[in-house]
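Read the structure below first, then the notes.
The values are calculated or read from the model by the stated rules, or taken from the named source; none is laboratory data. Bear in mind the structure is a predicted one, so any value in this text is a computation, not a measurement. Virtual Cβ from ideal backbone geometry, glycine too; neighbours counted across all protein chains shown. Heads up: the accessible areas ignore ligands, DNA and RNA and are worked out on the full protein's heavy atoms, side chains in. Shrake-Rupley method; radii C 1.70, N 1.55, O 1.52, S 1.80 Å.
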Amino acid sequence: MIRKSVCLAGLAVTGILFLTAIVGVKAQQTSPAMVEVRIDNFSFGPQAQTVPVGTTVTWTNRDDIPHTVVSTNGDFKSKTLDTDEKFSYTFAKAGTFAYFCSIHPKMTGKVVVQ
């Protein structure tokens, strides 16, 4: 009788661990992705990103002068970002999204959403 109880308890613990693992994997799969782009020395870094649909990209101005983040197709536009200010945008659809700094138009980047 004791062996059966120990065996059943072991199965119960194994089942709980298995379910916890499944729930953990499911949570990881549905969590939205976050990507950082650094604005520094008159450039976006990295200059190009490939991300899944639903990803939020956050641009942070690490330069000592103001910059903006403006999409060429009009989907998003930041305010002027001073040092250490951030702008975020969540990409809800697939496509290639080119962007630039409206103050310094030679600063360009792109996000490819798959």
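Scanning region 63-72 for residues that are over 19 Å from Gln49 (Cα atoms) and surrounded by fewer than 18 Cβ atoms within 10 Å (Cβ to Cβ) returns Asp64, Ile65, Pro66. Looking across region 31-74, just one residue is hydroxyl-bearing (Ser, Thr, Tyr), assigned to a loop (DSSP other than H, G, I, E, B) and farther than 17 Å from Lys110 by Cβ, and that is Ser31. One residue stands out among those in region 73-84 that are closer than 17 Å to Asn41 by Cβ and not polar (S, T, N, Q): the one that is surrounded by the fewest Cβ atoms within 10 Å (Cβ to Cβ), which is Asp84. Suppose the filter is of a type in the set (S, T, N, Q) and at pLDDT below 95; does Gln49 pass it? Against the criterion (of a type in the set (S, T, N, Q) and at pLDDT below 95), Gln49 does not qualify. Residues in region 45-62 that are among the polar types (S, T, N, Q), open to solvent by 20 Å² or more (accessible area, probe 1.4 Å) and more than 13 Å from the chain's Cα centre (by Cα): Gln47 only.
Condition (residue is assigned to a loop (DSSP other than H, G, I, E, B), at pLDDT below 95, open to solvent by less than 90 Å² (accessible area, probe 1.4 Å) and among the aliphatic types (A, V, I, L, M)) applied to region 101-113: is it met by at least one residue? No: zero hits. Looking at the structure I just gave you, is Phe97 farther than 18 Å from Asn41 by Cα, in contact (Cβ under 8 Å) with a residue 40 or more places away in the chain and surrounded by 14 or more Cβ atoms within 10 Å (Cβ to Cβ)? No.
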